[in-house]
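Trainee: Okay, handing you the structure first.
Just so you know, all these numbers are worked out from the coordinates, no wet-lab data involved. A quick note: this is a predicted structure, and the numbers were derived from the prediction, not measured. No Cβ is skipped: glycine too gets one built from the backbone with ideal geometry, and neighbour counts run over all protein chains shown.
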Amino acid sequence: MTDLLNPLKVKLANDEAVLGTIVAMPSPHVMQLFAACGFDCLLIDREHGAIGTESMQAMINVTKGTDAVPLVRIPKDETWIASAALDAGAFGIFFPLILNADQARDAIATTFYPPAGKRGFGPLYAPSRWNMSMPDYAASADQAILRVLMIEHTQAVKNVDEILEVPGIDVAFIAPFDLSQSLGIPGQFDHPDFLDAVSRAEQAILKSGIKLGGLATTPEKGREMLNAGYRLLMMGFDSMIIENAGRDILGDLKT
């Protein structure tokens, strides 16, 4: 039997940094270009992006032959999409707006086959994405899938210790935008209440042994977060990267 190995889980187990970006455009072409850039992973955003199942599968497929591991962020409470994403060949799932241990437990269960979980059987495309037979994929998938819970609400910070006790979590990802919104201080990332909430979440996650993840919109911020113990970073998102590059080009020409 061939074992299915997730290179992201290998890196995280070795305490190495995993660097990715978020792709919200329903475009295999954009996905292909980012996959060639050298990112460790690419997060297909079905929570905020206009991405359907067909686009998602095509976006997963274009990562084949590159080092970019395809992940999918599903919409809140749409856990059925986790199964569709994994069956299409995604190698990990981001679960947004997890508020308590019950929600965390239910989310994690969707990524395990019975008896450990409740993932339905139907990996029609994932085995070919990872160059293996269906029986080998099915036998290895439970241990290979990366499971990421997003901590992005005051209730999640309040319940963070009980959330982190749920078995099967690989990464707890602190999302700044929604967290600041839930605090009533949207976008105020220097506000004392925001900094306190982030600090409490960081300390709990680092103490738990679960890997800490977050969003970094600049290389400088990314280096700062890695030094603080973060190990999975999403370096912005596709539209931001493209927009910034375009402005930089025009800025150089117009000065």
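Trainee: Taking the Cβ of each residue in 71, 215 as the centre, tally the other Cβ atoms inside 10 Å and list the residues starting with the fewest.
Mentor: Starting with the residue having the fewest Cβ neighbours, the order is 215, 71.
Trainee: Which of the peptides 12-24, 185-197, 83-95 is most tightly packed, and how do the rest follow, judged by the mean count of other Cβ atoms within 10 Å per residue?
Mentor: Descending mean neighbour count gives 83-95, 12-24, 185-197.
Trainee: Shifting gears a bit: Hey, what did the stretch 10-106 get for relative contact order, percent, Cα under 8 Å, at least 6 apart?
Mentor: Relative contact order for the stretch 10-106 comes out at 24 percent.
Trainee: OK, next. Could you state the number of Å between the C-alpha centres of the stretch 5-27 and the stretch 183-255?
Mentor: After rounding, the separation between the Cα centres reads 16 Å.
Trainee: Kirkwood-based Rg over Rh for the chain (C-alpha set), two decimals?
Mentor: 0.96
Trainee: Between 48, 121, 253, whose Cα lies farthest towards the positive end of the dipole of the chain when Lys and Arg beta carbons carry +1 and Asp and Glu beta carbons carry -1, centred on the Cα centre?
Mentor: So the residue furthest toward the plus end is 121.
Trainee: What is the Cα radius of gyration of the stretch 54-102 over 2.2 N^0.38 Å, N being its residue count?
Mentor: Computed over Cα atoms of the stretch 54-102, the ratio equals 1.23.
Trainee: Under a straight-distance cross-link criterion of Cα-Cα below 23 Å, which lysines are reachable from residue 11, leaving out those fewer than 8 residues away in the same chain?
Mentor: 64, 207, 211, 221
Trainee: Helix-only mean residue ellipticity at 222 nm, the chain, DSSP H runs n ≥ 4 weighted -39,500 (n - 2.57), per residue, nearest 500. What is it?
Mentor: So the helix-based figure for the chain works out to -13000 deg cm²/dmol.
Trainee: Figure the gain on full extension for residue 116 and residue 254 (residue separation times 0.36 nm, minus the Cα-Cα span) and round it to one decimal in nm.
Mentor: Between residue 116 and residue 254, full extension yields 43.7 nm more.
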